There are 2 protein chains.
Amino acid sequence: MTLGEFDIIARYFAGHDRGRDVLLGVGDDAAVLDVRAGHKLVVAMDTIVAGVHFPAETAPEHIGYRALAVNLSDLAAMGAEPAWMTLSLSLPQPEEAWLSGFAAGLFELAERHEVVLVGGDIVRGPLVATVQVAGWVEADAWLTRSGAKPGDMLMVSGVPGEAAAGLAVIRNAISDREAAPLRERFLRPQPRVSLGRRLRTIAHAAMDVSDGLIGDLEKLCTASGCSARLDVERLPRSAPMRKLFDERTCLEYALTGGDDYELIFAVPPERVATLTNGADAGVPLTVIGRFVEGQGVQCLRDGRPWRLERSGYDHFAAG
Amino acid sequence: MTLGEFDIIARYFAGHDRGRDVLLGVGDDAAVLDVRAGHKLVVAMDTIVAGVHFPAETAPEHIGYRALAVNLSDLAAMGAEPAWMTLSLSLPQPEEAWLSGFAAGLFELAERHEVVLVGGDIVRGPLVATVQVAGWVEADAWLTRSGAKPGDMLMVSGVPGEAAAGLAVIRNAISDREAAPLRERFLRPQPRVSLGRRLRTIAHAAMDVSDGLIGDLEKLCTASGCSARLDVERLPRSAPMRKLFDERTCLEYALTGGDDYELIFAVPPERVATLTNGADAGVPLTVIGRFVEGQGVQCLRDGRPWRLERSGYDHFAAG
């Protein structure tokens, strides 16, 4: 059967637009949103392309989930509370099973974070999904990349590198028992929204890690006008990674692998305990270094300068 | 030379983010926007794909312009004042001439309407451009599709059909003197932002015409729970169209051709004079019918029921 654009919207994407900010949702020329007193609006927009950001054969549930997850990760890095999104979906043909799966993955994550879908566009074309997500942050403070100060501790959430390991597991069809959690880490990144909300008044700076830890940390350092010393041996270790990959590969994934969607952040030393007390047990928060005067990132291993050859991912430079 | 993602942003898309609402623009994980007291936020998101929404060989200036124009048209239909946008651009390879042209077209229109670019994403992939535009509307009233009432006059801005004629001119490489203004109408649609602002307190309903006059009018009627009688002979006539196309084709373009980005709107009879007095001389506003009880659209020609076979464009149904 042939599904038209308006059938697709009605069947798969309408009806998820009831939320506290929504004055007019899906179905008109545009959506109308109320604004929250005492808050500022935070907006992020990210696009994922089949064969570039995920293997072309990825299940539609994971694609729908990812399209939102990568955006929520950006809001998390600002300390914002997600509120609503718009979706643009370009797809070659409207297959019901695919659309149903995509919508299931998208709304699974949306409902977890109480994000409503207020509008967007569905067009015929190559498989490309763009989400713009908007959230609210208290007017007195939000996180940026540019607030890190010499003396701050460099911290990271989760276990960087597991997503890159998960992608390798998928590409090489590794089926060991240890492969499953890694695959999950790539396919279902967990945007650190509640962590970002806590960091808002504790951290000096934050950024999400999507293109590799070192490369993204370099950007944070540039924005903050300081340098970071990263103690490689303090990186959190992943048991499944160590089982499946040699140490060199584990380090490369941890330092340069993309798609982690963890947060790196700068915390004054006296606030580290406040942060780690009462933290979500499922999301380790690890001090992996310190911000210092200067510029760029210096890796140390057991106190000595140490270097990894590869650098972070750039969509075009890598192509 | 190889341009990276961040070089592209820095060179072509940064530096257009200074505006009254912008607290934090391009370059962090997300943008932070101030909200306007006494206003509501209006957001629209539209995507254009090479070979679907414009001929693949279209000059990049026109593509950049169009990516924003189709979105501004949606804001116009709500009576909103445009403020800021985010851009997602997927492109096969970063050619400097192409990027420079795209940015020139985008920012030409953005500056005309004082829209700033606060964020977005640039990725490698097939040529797809998505813009989300946001604007403000006074908290007491905005336009929708759903407010038309029996007795209201049905009006249209501009000359519907000229964009479809322009596309035919391009596809058939027609080079007559009359072809130039039509080509321009397709390549450079004029979003009716200032008209929308005037309509906000005058019209009962409005909608932008992007998929063909009859098809879009049907949607407006459905949303408003009434019917419209369209007097075909009252449609504004286009001298260049009549020179290049026979009468049947002119009517088909006017009633079903896409890409006009004009507004249709419902105005109580006693307000028509208020509206047309002092209107922009370059944008004709024409009464082409009337809203009545019932449902659907009925075309009349010299007072008698009349029918055109073709119906409006649907991306998937047409594919």
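The values are calculated or read from the model by the stated rules, or taken from the named source; none is laboratory data. Keep in mind it's a predicted model, so treat the numbers as computed, not measured. Counting neighbours? That spans all protein chains shown, and the Cβs are built from the backbone with ideal geometry, glycine included.
Before moving on, here are some points about what is shown:
- Residue list for region B:246-273, filter: part of a helix (DSSP H, G or I) and surrounded by 14 or more Cβ atoms within 10 Å (Cβ to Cβ): B:249, B:250, B:251, B:252, B:253, B:254, B:255, B:256, B:271, B:272
- Sole exception among (1) out of contact with any Cys (no Cβ under 8 Å at 6 or more places or on another chain); (2) outside any loop (DSSP other than H, G, I, E, B) for residue A:241, by number: (1)
- For region A:25-39, filtering for residues that are facing chain B (nearest Cβ under 7 Å), touching a residue at least 12 places away in the same chain (Cβ under 8 Å) and of a type in the set (A, V, I, L, M, F, W, C) leaves 4.
- Candidates B:216, B:231 - the one that is of a type outside the set (S, T, N, Q) and under 16 Å from the mean Cα position of the chain (by Cα): B:216
- Residue ranges of helices (runs of 4 or more DSSP H) in region B:172-226 with at least 3 members in contact with a Lys or Arg (Cβ under 8 Å, 6 or more places away or on another chain): B:213-224
- Unique match (being modelled with pLDDT of 95 or more and under 20 Å from residue A:11 (Cβ atoms)) among A:154, A:87, A:91: A:87
- Selection status of residue B:244, of a type outside the set (Ser, Thr, Tyr) and under 16 Å from the mean Cα position of the chain (by Cα): no
- Against the conditions (1) under 30 Å from residue B:143 (Cβ atoms); (2) surrounded by 24 or more Cβ atoms within 10 Å (Cβ to Cβ); (3) away from chain B (no Cβ under 11 Å), residue A:10 satisfies every one except (2).
- Residue among B:98, B:84 that alone is farther than 25 Å from residue B:22 by Cα and in contact with a strand residue (DSSP E or B) (Cβ under 9 Å, 6 or more places away or on another chain): B:98
- Answer from B:35, B:42, B:26 - the residue that is assigned to a loop (DSSP other than H, G, I, E, B), in contact with a helix residue (DSSP H, G or I) (Cβ under 7 Å, 6 or more places away or on another chain) and β-branched (Val, Ile, Thr): B:26
- Some residue of region B:178-186 being buried (at least 24 other Cβ atoms within 10 Å of the Cβ) and touching a strand residue (DSSP E or B) at 6+ places or on another chain (Cβ under 7 Å): no
- Evaluation of residue A:174 against (1) touching a strand residue (DSSP E or B) at 6+ places or on another chain (Cβ under 6 Å); (2) at pLDDT below 95; (3) hydrophobic (A, V, I, L, M, F, W, C) (one fails), failing number: (1)
- Of all the criteria given as (1) touching a strand residue (DSSP E or B) at 6+ places or on another chain (Cβ under 8 Å); (2) aliphatic (A, V, I, L, M); (3) modelled with pLDDT of 95 or more, the one not satisfied by residue A:103 is (1).
- Cβ-Cβ under 7 Å pairs, at least 6 apart or on other chains, region A:40-64 side over 17 Å from residue B:87 (Cβ atoms) and within 7 Å of chain B (Cβ to nearest Cβ), far side in a strand (DSSP E or B) and of a type in the set (Lys, Arg): A:52/B:124
- Here residue A:6 meets each of (1) part of a helix (DSSP H, G or I); (2) among the aromatic types (Phe, Trp, Tyr); (3) in contact (Cβ under 8 Å) with a residue 40 or more places away in the chain with one exception, condition (3).
- Residues that are at the interface with chain A (Cβ under 7 Å from one of its Cβ atoms) and under 17 Å from the mean Cα position of the chain (by Cα) number at least 1 in the following strands (runs of 3 or more DSSP E) confined to region B:74-146: B:128-138.
- Any hit, region A:71-93, residues being among the aromatic types (Phe, Trp, Tyr) and within 20 Å of residue B:48 (Cβ to Cβ): no
- Residues in region B:147-156 that are surrounded by 21 or more Cβ atoms within 10 Å (Cβ to Cβ) and either among the β-branched types (Val, Ile, Thr) or within 11 Å of chain A (Cβ to nearest Cβ) (or both): B:156 only.
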